[in-house]
Structures are given as structure tokens and as C-alpha cells.
Amino acid sequence: MKRIISLTVQDRSGVLNRVTGLLQRRQFNISSISVGPTETEGISKMTLVVEVEDEQRLEQVTKQLNKQIDVLKVSDITDKAIVARELALIKVAGSSQLRSEINGIIDPFRALVIDVSKDSLTIQITGRPDKIDALIDLLRPYGIKEIARTGLTAFLRGHQPQVNELTTYSQIK
Amino acid sequence: MKVEAKPDVQTSTAPKTGADLLIDLLINEGVETLFGYPGGAVLPIYDAIYRARGSIKHVLFRHEQGSIHAAEGYARITGKPGVVIATSGPGATNLVTGITDAMMDSLPLVIFTGQVARGVIGTDAFQEADVMAITTPITKHNYQVQNISDLPRIVKEAFHIASTGRPGPVLIDIPKDISAGELSQIPEEVTIHLPGYQPTTKPNPLQIKKLADAISKAMKPVILAGAGILHGKASKELTAFAEKHKIPVVTTLLGLGTIPATNPLSLGMGGMHGTYSANMAMYEADLLINIGARFDDRLTGNLKHFAPNAKVAHIDVDPAEIGKNVPTQIPIVSDSKEALVELMNQTAESPDTVGWLETLNKYKAEFPLWYKHNPNGMSPQWLIEAIHKVTNGDAVVTTDVGQHQMWAAQYYNFEKPHRWVTSGGLGTMGFGFPAAIGAQMASPGSTVVAIVGDAGFQMTLQELSVIYEQNLPVKIIIVNNGALGMVRQWQELLHGNRISESILNTQPDFVKLAEAYHIRGLKIESQEELITKLPEVFAYDGPVLMDCRVLQQEKVFPMIAPGKGIHEMIGVKPS
Ligand SMILES: Cc1ncc(C[n+]2csc(CCOP(=O)(O)OP(=O)(O)O)c2C)c(N)n1
Ligand SMILES: [Mg+2]
């Protein structure tokens, strides 16, 4: 199962290596990882999307991440109310004649054409990964020359409905 | 190892370089001994050591691996961090085995490695190695110092991290221009602020209650005692707890000594070469209380058959160990002593274990550890028993890795904790002898015996120089079977007796070797010889090496073959 894990980390050299090295060593599959600064100086946020077999492995990955001294907080936010976005840049073959046709495809996705050249168009899309996948599929017939994706970034919505029991793995006491 | 009055960082003898500051910080941490080896990138640190002579002792080993295993032995006995210094590049990479060993066995170390100057890091400068990347997966934490002014904080954090929670090695990489750099001002006192490191040491009362209730209801409870009890200095509490409820105790390899071997509730060691009663107790238990063990595969055997009927409780200071290998119904994140004290305060009733203990006692009587006396030579098991006798079972025993290690674990019946130094998790050949040096330095008044194999000893024997130089009365017992015995045993039993590259056809003359290092050496070829020589060897106040020739074909039994369940022991009875 794919899980979204949000990490708050101390912004120190090597912290990304600590996290990815740990996941690799313990045989966890990373689908994507994104990192950036937060509202607090010296603190960064990482969003990991990992593929784990079961609950036990999920618990293990969060506990191991928590053990890292530079990791301040680990939460599995997959089942919570979250906002989650990824950005992708897609370069499609074709001249500017194609532009209106492509616009027709990308409009419902609220994507934009951000660069046009003699033989290619570059589209920018933001959204959940499945939405990006869907657009890529629709653009494929035109000939995709290049794709760059940022990986998912996410955090909790302002309001959390009290539906399912929320699990935090920061500490089992 | 006496330390003079500690110079204060703030006094008028102000430090001059980063290295001087470092040494002052170490003295302030209470460090008495440095285990080290110099080289280019740590020359400024050795300059500072020279200036601080009299205030801190440095022991020069003959290989960095020797220095770090000695520091591990020191840490195992004292519970305090062993402090290691090595130069950059090859000095640092020579430490890798020891760092990994300490990580696996949760030993507190603070390791200082030299690094090339900041300006040339990343240019493949002479003796540059990416020590941060190399050691990230094998340390509890590591640092590279970027400013002299960070040194006090980093050193303080390193000692704190190494010795609290689940202990482990912490490495500090120091670029040469930092250690050589002049101090513009004396950095202020620092306090530790580690928001990402807050080990839980007090147990959750609800979980304690849950465990107490489970104990009341159990018919076949068993305690698994691991090294976490030694780290928590909770051996007394463990024994009291077991006795209060009449619960039998299995120890792990590293947990030997947590309960006296002669205590009627002690079942001895469990696992691959554990006793029949210990393994069957875990197999048949309906409640397994793991205190400070990590359910290593050498203990559990095939997980499918491990404690199949038991409700599992696990007390560990490291939450990541709980549920990692064995599903756990009662997780308790805590220091071992805190948890045991709380458990003793519970009012829940004791279970009735009379019948259960009877069964286990029957196992003990029917399937004790066994070996055969052979008229043609010395049995290694008998050798260990003889050493036990001559040392009154009170020596500090270190071992290397292999058959002799298992025999020492089986036959040196530890009555007291903190006497047993062995490489468990990593199984590092070459560990035993240098570890004995560190153990002897930690405990100058104790009898320290290094029980080593003829093969493993040859991996770090150069440290014979150190015991001579430091006049450390370590007794080295080479259990000489002319073979990589444990490998030979597996080949005989599991690989169709294809004895591939595991016989040592050529060996040095160990007695001459000892003498070459100015140490007494003697060769022992029979039981009679051993009996006559042992008392004087142990009465002698200096190092001695004994090359004891034992039977090559002896095997360690019982044994759980890889992939087998804990109840599928072979060799439980003489064939
Ligand atoms: C550094 C290292 N290399 C290889 C091994 C694999 N190994 C485990 S036991 C053993 C044989 C040890 O022989 P010896 O030291 O003579 O001890 P014995 O088993 O004969 O008592 C070997 C090679 C190891 N544990 N460590
Ligand atoms: Mg041998």
C-alpha cells in the first residue's frame, strides 16, 4: 500500500541522506520524496510517499524515522484530511498550431502552457498525482518529449473531521 | 588511570587551539582514557594530548580496530562511553568494523576522526574519505564540525546521545583546520537542546498494569532477559521480580549474568546454542516477557515456530525494537529498571507456576548441556569449566567469535552481571582480545580472561604490545582447535562434510609469538598439564598467553540449524 508520510526535520547537512539511506537500508520503497523549508527557520518539511506491504512494516518505517536525531516529527497522514499536491512539467512534441487543441485537453485540468517553441509545447500542471497521471495519458498520443515531476508535498487541512481513529506513530507508550 | 584535578575551561590557562578546547571538553566529560592512533589529520589533537599529559591518558594501540574494540570492552564494563581517536581516511575506515559492532550491541562510544581541512573536503585530498556517509548507517548519530565554536555543543550532545536511551556509537569528524584553528574566544557553556531526541524511559502505567494482569492469568510465563537489563543496571530488580512471581528466566547471549546462573529460576541461554529447557520454555510459554532483548534471529530461530502460544510483552527503551520481528501484544517503551520497579509495585496476584517449573526442571534434569571426555585430548568445554573453577566464576570474560564463544557462554556460569564481554550482533572475529584490554583498563583489580579462537586471535594479536606496555595482566586462553571451528562445524553438519578452507594447516608458534612480544607464553596439550599450570598462571600478576590444544572435531550442541524452529534442536543428548 502507498502511504504518505510527513516528516518535520532539522535543516542540517546530511539529513536527506539520513532519511533516504535509512529507507534504502531497511528495504522500503520510496515512490517520491520532496523537501523544502517551512515557516520556521532551520526546520524543513519532507513528504515521503512509500510503498509498504502491511501495517507492521508501516509501523517499523515510522519508528525508524523517528529514531533519527534530526527528525523531529513523523506522521502518516494518508488517512487524514489533507491537502496534497504535486507539480509536473510536460514537454509535448508539436508546433504552435497544436496549441488550441492541447488547450482543449488541459483546460479541465487547470493546467497551463508555459513555454512554446518551434517544435514543442511545455505544460505545467499542479494536482494530486493521479490527476497528473491522467493528463499525461491524454497527452501521450502527441508524443511526450520530457517529463519532470516534483513529487508529492502535503499537509493537514485546517479542520480534521473526527471520523476514523487517527494513528500517530511518533511514540508507542 | 588516576586523573588529576580537572582543569576548568574557564580558567586562565585558556585553550589555544580547537584541539586544546576539545581535550578540555573531554576532561570535563570525565573521560580518563583515550583509545587511539595518530596520523596527519589529527596531529593538532595529538599536540593537545601532549600538552594535557598528566590530565588524560592516551593508550596507543597497534591498529585502529584494536583501539575501538578495546573502547567497546571498556564501555561494556563501565557503562560509560569509550572514547576513540583515529586519523582521517584509512584511520577512519579501519574503525568501521568496531563502529558497526558497537551499533549492533548498543555500546556507548564517542569516536573522533580527523578530516582534511574544510577547504579541500570534496576534492579527493590526501587521506580524505567520506566518513560521514560511510558511518551514517552504523552510528546512532554523527557530526562534522564546521566551526570551532560548535565544538562544546557537539561534544556535549555526542556524550549525551551515546550514553542515554538505547546506547550507541556517536562519531565526530573534525577537519584539520578546526583542530589546528586558533580560538578567538572561549565558547560559552552550552546546554543540550535536542528536540528530536527525547527517549522515553518511564513506562506507561496502563501498560504496566496490563502486563501485571497478564502475569496473574498466565500458566506458563517466561522472562527473556537481554542486555537492556545490563544497560539499565537492573539485574537485582530482574532477579527480585522473577523470584516474587516464580517466573523462569531465559537469557540471551548478551544477557548472561543478568540472573545468577545457579538461581533455580535460571534456565540458561536460549537460542541457536541455548539449553533445551530455555528453548522449550519459550516454545511452550503462554506469556513471554522480553526485557531488553531484540529478538535476534539467532535467538528466535524460525519465527513461525517462535513462542507460538505466547502472548508477548516487550519492554525496551527503543520503540523500534518492539514489534519489529515478533508481534507484541503488550508493548512497553521504558528503561528496564524503571519498568521492573513499577512492575514490583503492582498488587496483581502471582500466577501458580509450580507445575510449569516442574516441567522445566524435568527438562533441565533430562537434557542438560553435555560433552564427552575424550582420552585422546582436551575437550574445549572442559577447558572452560576449568577456567571457571580457577577464577571462582568471578572473572571478567571476553571472547572472540566462534565455537569457543559458545562454549564460554554455555560453561562459564556467570553469577554476576557486567562480567561478560562478547560480540553478539555483528559476530566480529578479532573482537575478544582487544576487548579484554579495554575491560582490564576499566576494571584494574579484576581477573580478565580473553577466551579466543586460534583463528580470530590472529586478526588482532598485534595488541600484545599494548598489554606488555601497559602491564595489563590479561590472561589469554587460545582455544586452539587448528580450525575455523564454527565454520568447520557447519560444513560438517550442513554442507555434507565438505571441509572447505576451514582448517588452519599452518599456525604460528603462539608461545614464541608471546615471547616475541615480551609476554609469558605456554603451550598446554593435556588436561593434566592444564590442571597443574592454571593456578600459577592466574596467580601471576602479569599477562600470560596459553595456547591450549583442544580436540578439533568437537561441536557446539545443542544446535538449531538455520531455518529451523526453536523446538527443533539437534544434539540435545549424547549420540
Ligand atoms: C571478521 C569475521 N570473519 C569471518 C567470520 C565468520 N566466522 C565465524 S566463526 C569463524 C571461525 C572462527 O575460528 P576460531 O577463531 O578459531 O574459533 P573457533 O570457532 O575455532 O572456536 C568464522 C570464520 C566472522 N565471524 N568474523
Ligand atoms: Mg579455532
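The values are calculated or read from the model by the stated rules, or taken from the named source; none is laboratory data. Just so it is clear, the structure is predicted and the values come from calculations on it, not from any experiment. No Cβ is skipped: glycine too gets one built from the backbone with ideal geometry, and neighbour counts run over all protein chains shown. Areas reflect the complete protein model, heavy atoms only, side chains present, ligands, DNA and RNA absent. Shrake-Rupley method; radii C 1.70, N 1.55, O 1.52, S 1.80 Å.
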- Query: Which ones in region B:443-461 are open to solvent by 10 Å² or more (accessible area, probe 1.4 Å) and either within 14 Å of chain A (Cβ to nearest Cβ) or away from ligand 2 (no atom under 15 Å from the Cβ) (or both)?
  - Reply: B:S443, B:P444, B:G445, B:S446, B:T447
- Query: On the given criteria, is B:P199 in contact with a strand residue (DSSP E or B) (Cβ under 6 Å, 6 or more places away or on another chain) and within 13 Å of chain A (Cβ to nearest Cβ)?
  - Reply: no
- Message: Which numbered condition in (1) among the hydroxyl-bearing types (S, T, Y); (2) without any contact (Cβ under 8 Å) to a residue 12 or more places away in the chain; (3) away from every other protein chain (no Cβ under 11 Å) is the only one that A:S13 fails?
- Response: (3)
- Item | Matching residues, region B:408-442, being more than 16 Å from ligand 2 (Cβ to nearest atom), assigned to a loop (DSSP other than H, G, I, E, B) and aliphatic (A, V, I, L, M) | B:L426
- Message: When you scan region B:506-518, do you find a residue that is touching a residue at least 60 places away in the same chain (Cβ under 8 Å) and part of a loop (DSSP other than H, G, I, E, B), even just one?
- Response: no
- Item | Residue in region B:181-196 that is nearest to B:D352 (Cα to Cα), counting only those that are more than 11 Å from every other protein chain (Cβ to nearest Cβ) and open to solvent by less than 50 Å² (accessible area, probe 1.4 Å) | B:V190
- Select from region A:106-122 the residues that are part of a strand (DSSP E or B) and over 20 Å from A:A84 (Cα atoms) and list them in ascending order. A:V113, A:I114, A:D115, A:V116, A:S120, A:L121, A:T122
- Query: Would you call A:N29 closer than 25 Å to B:D318 by Cβ, polar (S, T, N, Q) and within 11 Å of chain B (Cβ to nearest Cβ)?
  - Reply: no
- Task: For region B:414-426, indicate whether the set of residues that are within 16 Å of ligand 1 (Cβ to nearest atom) and of a type in the set (F, W, Y) is non-empty.
- Result: no
- Filter result (in contact with a helix residue (DSSP H, G or I) (Cβ under 7 Å, 6 or more places away or on another chain) and small (G, A, S)) within region B:205-221: B:A212
- What number goes with the only condition from (1) part of a loop (DSSP other than H, G, I, E, B); (2) in the same structural domain as B:G255 (by TED's automatic domain parsing); (3) modelled with pLDDT of 95 or more; (4) surrounded by fewer than 18 Cβ atoms within 10 Å (Cβ to Cβ) that B:G355 does not pass? (1)
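If I ask for residues that are part of a strand (DSSP E or B) and within 13 Å of chain B (Cβ to nearest Cβ), which ones from region A:32-45 would you list? Full working, then the answer.
Start the filter on region A:32-45 by keeping residues that are part of a strand (DSSP E or B), which leaves A:32-37, A:43-45.
Of everything in region A:32-45, those that are part of a strand (DSSP E or B) and within 13 Å of chain B (Cβ to nearest Cβ) turn out to be A:I43, A:S44.
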- Message: Tell me yes or no: at least one residue of region A:64-79 is farther than 29 Å from B:P331 by Cα, more than 11 Å from chain B (Cβ to nearest Cβ) and either open to solvent by less than 50 Å² (accessible area, probe 1.4 Å) or without any contact (Cβ under 8 Å) to a residue 24 or more places away in the chain (or both).
- Response: no
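If you scan region B:102-125, which residues turn out to be open to solvent by less than 40 Å² (accessible area, probe 1.4 Å) and more than 23 Å from B:I154 (Cα to Cα)? Explain how you work it out, then say what you get.
Of all residues in region B:102-125, those open to solvent by less than 40 Å² (accessible area, probe 1.4 Å) come to B:102, B:105-117, B:125.
Correct list: B:D105, B:A125.
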- Filter result for B:N392 (more than 22 Å from B:L265 (Cβ to Cβ), part of a loop (DSSP other than H, G, I, E, B) and more than 16 Å from ligand 1 (Cβ to nearest atom)): yes
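For region B:420-460, name all the residues that are within 17 Å of B:F35 (Cβ to Cβ) and over 18 Å from the mean Cα position of the chain (by Cα). Before the answer, list the steps.
Initially, region B:420-460 is screened for residues within 17 Å of B:F35 (Cβ to Cβ), giving B:421, B:423, B:428, B:430-444, B:448, B:450, B:460.
Of everything in region B:420-460, just one residue is within 17 Å of B:F35 (Cβ to Cβ) and over 18 Å from the mean Cα position of the chain (by Cα), namely B:P444.
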- Task: Mind listing whichever residues of region A:123-150 are open to solvent by less than 70 Å² (accessible area, probe 1.4 Å), under 9 Å from A:L87 (Cβ atoms) and outside any strand (DSSP E or B)?
- Result: A:I132
- Message: Looking for something within 20 Å of the chain's Cα centre (by Cα) and among the basic types (K, R) - is there at least one such residue anywhere in region B:520-531?
- Response: no
- Counted residues in region B:154-195 being under 24 Å from the mean Cα position of the chain (by Cα), assigned to a helix (DSSP H, G or I) and among the aliphatic types (A, V, I, L, M) come to 4
- Query: In region B:284-305, how many are over 25 Å from the mean Cα position of the chain (by Cα) and closer than 11 Å to B:I560 by Cβ?
  - Reply: 1
- Would you mind stating whether B:T398 is more than 16 Å from ligand 1 (Cβ to nearest atom), away from every other protein chain (no Cβ under 14 Å) and among the β-branched types (V, I, T)? no
- Counting only residues in region B:126-161 that are surrounded by fewer than 16 Cβ atoms within 10 Å (Cβ to Cβ) and among the hydrophobic types (A, V, I, L, M, F, W, C), the one nearest to the other protein chains (Cβ to nearest Cβ) is identified as B:A133
- Which ones in region B:380-395 are within 18 Å of B:F457 (Cβ to Cβ) and either within 16 Å of ligand 2 (Cβ to nearest atom) or within 14 Å of chain A (Cβ to nearest Cβ) (or both)? B:P380, B:L383, B:I384
- Message: Looking at (1) in contact with a Gly (Cβ under 8 Å, 6 or more places away or on another chain); (2) among the basic types (K, R); (3) in a loop (DSSP other than H, G, I, E, B), which one does A:K80 not meet, given that it meets all the others?
- Response: (1)
- Task: Would you point out the residue of region B:466-489, among those that are within 13 Å of ligand 2 (Cβ to nearest atom) and either of a type in the set (V, I, T) or farther than 18 Å from B:I451 by Cα (or both), that is most open to solvent (accessible area, probe 1.4 Å)?
- Result: B:V487
- Task: Looking only at region B:64-77, decide whether some residue is in a loop (DSSP other than H, G, I, E, B) and of a type outside the set (S, T, N, Q).
- Result: no
- Odd one out for A:L112, checked against (1) free of Cβ contacts under 8 Å to residues at least 40 places away in the same chain; (2) open to solvent by 90 Å² or more (accessible area, probe 1.4 Å); (3) over 21 Å from the mean Cα position of the chain (by Cα): (3)
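Considering only region B:277-352, give the strands (runs of 3 or more DSSP E) lying wholly within it that have at least 1 residues that are more than 14 Å from chain A (Cβ to nearest Cβ) and surrounded by fewer than 24 Cβ atoms within 10 Å (Cβ to Cβ). Spell out the reasoning first.
Numbers: elements: B:287-291, B:311-316, B:330-333.
Those strands (runs of 3 or more DSSP E) span B:311-316.
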